[in-house]
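Rule-based calculations on the coordinates, nothing more; no lab input. Here the structure is a predicted model, which is why all the values come from computation and not from measurement. Note that each Cβ is placed from the backbone with ideal geometry, even for glycine, and that neighbours are counted across all protein chains shown.
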Amino acid sequence: MKLNQNELKALKTLLSDPENRIDESLDNLYNKMISNREISLYIDGAADLHSKTAGIGGVITKDGEEVFSFSEYLHDATNNEAEYAALVKGLKYLIQLKLLNANIYSDSELVVKQIKGEYRVKHPRMQELYKEAMDQFQHMDTWTINHILRDKNDTADGLAKSGRLKGKK
């Protein structure tokens, strides 16, 4: 069973009252739910269609402190494809690091709204990337995805641009 964000929020609110946590399993569930405030993943993609170079970048923080970052080159991808690739790679790193409760932040409104189910995924290449991301989310315990303004995503943006430049000749 997969809960949507509203159901998770309602459950977290209910369990925030210690009287509703009547046994150890409910206490453990609540602790898992509140721990996702500590782990954040900021992601970004960058693409230049003229040079056919693209890059992805991301940073994982715990309690506001950076614990891991990545910057990688992609060849011949659109900006939206790079944004999805950054999400997929970031999720894989979260899973590898066993950080399974995370808040994810992206400045790509399209990706965020597609993941939340607010926008349809129409293009076949985007459908593949969407499916890959959703497959990775299955390995997470709890997660949120949030749209942020570009100026609040400076670190991931710089990592994505650096990744793109690794392929530029």
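Some values worked out for this structure:
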quantity	calculated
Theoretical gain in end-to-end length, Asp23 to Thr155 [0.36 nm per residue, Cα-Cα removed]	43.4 nm
Tilt relative to the chain, helix 24-35 - C-alpha long axis, 0 to 90 degrees, to 10	30 degrees
Protection proxy ranking, peptides 105-116, 59-70, average beta carbon neighbours within 10 Å, highest first	105-116, 59-70
Partners for Lys152 among aspartates and glutamates (Cα-Cα distance below 13 Å; same-chain residues under 8 apart left out)	Asp44, Asp107
Cα→Cβ-extended label distance, 7 Å offset, between Lys166 and Arg120, nm	3.7 nm
Ranked packing of 123-132, 23-32, most packed first, by mean Cβ within 10 Å	123-132, 23-32
Sites Ile148 and Asp48 - FRET efficiency at Förster radius 22 Å, r taken between beta-carbons, to 0.05	0.45
With Cα atoms, 0 to 90° folded angle of helix 5-15 axis to the chain main axis	30 degrees
Order by protection proxy (mean Cβ within 10 Å, highest first), peptides 51-57, 150-156	51-57, 150-156
Centre separation in Å (Cα based) which lies between region 98-169 and region 65-96	8 Å
Amide hydrogen neighbours beyond the local backbone of Phe68, cut-off 5 Å, H modeled	Ile60
Candidate values [x] 117; [y] 109; [z] 167, label of the one derived for volume of the Cα convex hull per residue in Å³	[x]
Listed residue pairs exceeding 24 Å between alpha carbons, taken from Lys32/Lys62; Lys122/Lys161; Lys98/Lys131	Lys122/Lys161
Positive minus negative residues near Asp107 (Lys, Arg vs Asp, Glu; Cβ under 14 Å)	-2
